[in-house]
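Input: a single structure, listed below in structure tokens.
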Amino acid sequence: MGQHPETIAVRGDHASSGPAGEKVLVRGQKMRMRLWEREPGGTHKPEHANEYEYVAYVLEGRIQVTIDGQTFQVAEGDSYCVPAGSAYSLEILETSTVVEAVAQ
């Protein structure tokens, strides 16, 4: 039987931290979840692009998102999608918590 990169379940109190401070949650063969918890207002994440697509759901706070030159704000209960290869940036306007599902 081969190795499987997926994780069946991750208890929140056992979630590891990723390289940018995010919580690394459950991981499947083609998707993974991560949690950005209480990101402080005033934080700016400069424009960059990823080779993967991700969708995000805002649990709390308010964020300004710019994707391929289109800027909009999202707040608690809102969601957005960043397509693979798209240039995007984020500005955290209020302390925010966001859960993301990332396609690998």
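The values are calculated or read from the model by the stated rules, or taken from the named source; none is laboratory data. It should be emphasised that the depicted structure is a prediction, and the values quoted were computed from it without experimental measurement. Reconstructed Cβ throughout: ideal geometry from the backbone, glycine too, with neighbour counts over all protein chains shown.
Checking ASP68 against (1) within 13 Å of the chain's Cα centre (by Cα); (2) modelled with pLDDT of 95 or more: exactly one of these is not met. Which one?
Unmet for ASP68, out of (1) within 13 Å of the chain's Cα centre (by Cα); (2) modelled with pLDDT of 95 or more: (1).
For the range 23-41, what are the residues that are buried (at least 19 other Cβ atoms within 10 Å of the Cβ) and more than 16 Å from GLU53 (Cβ to Cβ)?
Passing the criteria: LEU25, TRP36, GLU39.
Test each condition in (1) in contact with a Ser or Thr (Cβ under 6 Å, 6 or more places away or on another chain); (2) in a strand (DSSP E or B) for TRP36 and report the one that comes out false.
Every condition holds for TRP36 apart from (1).
Take the residues in the range 44-82 that are in a loop (DSSP other than H, G, I, E, B) and in contact (Cβ under 8 Å) with a residue 24 or more places away in the chain; name whichever of them is nearest to VAL98 (Cα to Cα).
GLU53
When you scan the range 4-24, do you find a residue that is of a type in the set (A, V, I, L, M, F, W, C), part of a strand (DSSP E or B) and in contact (Cβ under 8 Å) with a residue 40 or more places away in the chain, even just one?
Within the range 4-24 (the criterion being of a type in the set (A, V, I, L, M, F, W, C), part of a strand (DSSP E or B) and in contact (Cβ under 8 Å) with a residue 40 or more places away in the chain), the answer is no, since none of the residues qualifies.
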